[in-house]
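Before any comments, here is the structure.
The values are calculated or read from the model by the stated rules, or taken from the named source; none is laboratory data. Being a predicted model, the structure only gives us computed values, none of them experimental. All Cβ positions, glycine included, derive from the backbone under ideal geometry; neighbour counts span all protein chains shown. Accessible surface areas use protein heavy atoms only, side chains included; no ligands, DNA or RNA. Shrake-Rupley method; radii C 1.70, N 1.55, O 1.52, S 1.80 Å.
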Amino acid sequence: MYLTKEPLYGNGKAKFILVKDTDDIKGLKIFKTVLKMYCKEQKNVALFSYDGIAEDILHGLEVNSDAIKVLDIFSDPYAWYKGENLNALLSVDFIVENFCDFEGVLCIYSLTSLLIHNGVDKVYKVLHKLLNTNHDLHILAILHSDVHDSKENDIISKLASTVLCINSDETSDTMLSTVHNSSGKVISLFLEYKIAKNFEFLSLVDVQLQKKIEEKKPDPTANLTFNLRLRDEEKEAKSQLQLPYMKKQTSDDAVIQNLLENDFYDEDDPDDDLDI
């Protein structure tokens, strides 16, 4: 079953999707699954491969790799085959100079290399400029969060419109999806997921919502063989029916009303003749 981006990103309009993983918990599967979502939407894709072989990143996606612009620095670190200077390729200025007007998705694997070679301040300024000057540009990036300190993690995370923080345990794969809306509202969802071999979601469940559903008390009337609810005509017949206790109550009301209408109260003072 193919799911859209909405369960992950809330409104599906995320400009900057940041996948955060660690050395123990890899985020490549999520990165490739989101990348395939963009490919199925026929978005233009440019892949910057700093930390892995580009062919390995695209392997299994079942997409037309020829339609994806690839910059594979990992396979050619000294740019022997491209004639480029390594420092130039690792600079974020290279992205600005060549992809400032790009209409599509810039996929960066990973931001960790750019941060190490350029510093967080420069990377932040370049990404902020790209996102705010080119409305047709989207960014998908992965960040190895355990390589960076809390300051660098916070700066990049706050720039992203959606952060997918990968977790794992013995029984399931989970992630925390944090959506930063343009209004300033932040929405966090704890999601459990399963990914197929062709990198599409088999399932994507909001863990907290699922827990509330499971804890909801069962309806005792759910499996009855008869209907407890009345139809409209039955409600009308019920409203016109007079039961015995209603007739008795009507009779008692008449007696009380009759007593009230007859004035039995004597206004004369019975002790009026006493000389006190």
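Contact annotation: residue pairs with Cβ atoms under 7 Å, 6 or more positions apart or on different chains, pairing a residue in region 117-145 that is charged (D, E, K, R) with a partner that is open to solvent by 30 Å² or more (accessible area, probe 1.4 Å), are D136/E103. The condition of being more than 14 Å from C107 (Cα to Cα) and touching an Asp or Glu at 6+ places or on another chain (Cβ under 8 Å) holds for only one of T22, T33, that being T22. Of all residues in region 126-173, exactly one satisfies the criterion of being open to solvent by less than 20 Å² (accessible area, probe 1.4 Å), small (G, A, S) and either in contact with a helix residue (DSSP H, G or I) (Cβ under 6 Å, 6 or more places away or on another chain) or modelled with pLDDT of 95 or more (or both), namely A141.
Of all the residues in region 90-102, those that are within 21 Å of N44 (Cα to Cα) and either among the β-branched types (V, I, T) or at pLDDT below 85 (or both) number 3.
Do you know which of the residues in region 165-203 that are within 15 Å of the chain's Cα centre (by Cα), assigned to a strand (DSSP E or B) and of a type in the set (S, T, N, Q) is farthest from F31 (Cα to Cα)? My answer is S188.
Among the residues of region 37-48, those identified as at pLDDT 90 or above and surrounded by 19 or more Cβ atoms within 10 Å (Cβ to Cβ) are V45, L47, F48.
Scanning region 86-114 for residues that are under 27 Å from the mean Cα position of the chain (by Cα) and closer than 21 Å to G52 by Cα yields a total of 8. Which residues, taken from region 133-155, are within 19 Å of D51 (Cα to Cα) and assigned to a helix (DSSP H, G or I)? Passing the criteria: S145, D146, V147, E152, N153. Consider region 1-29 and keep the residues that are touching a helix residue (DSSP H, G or I) at 6+ places or on another chain (Cβ under 9 Å), over 20 Å from N132 (Cα atoms) and surrounded by 14 or more Cβ atoms within 10 Å (Cβ to Cβ). The one that is modelled with the lowest pLDDT is L3.
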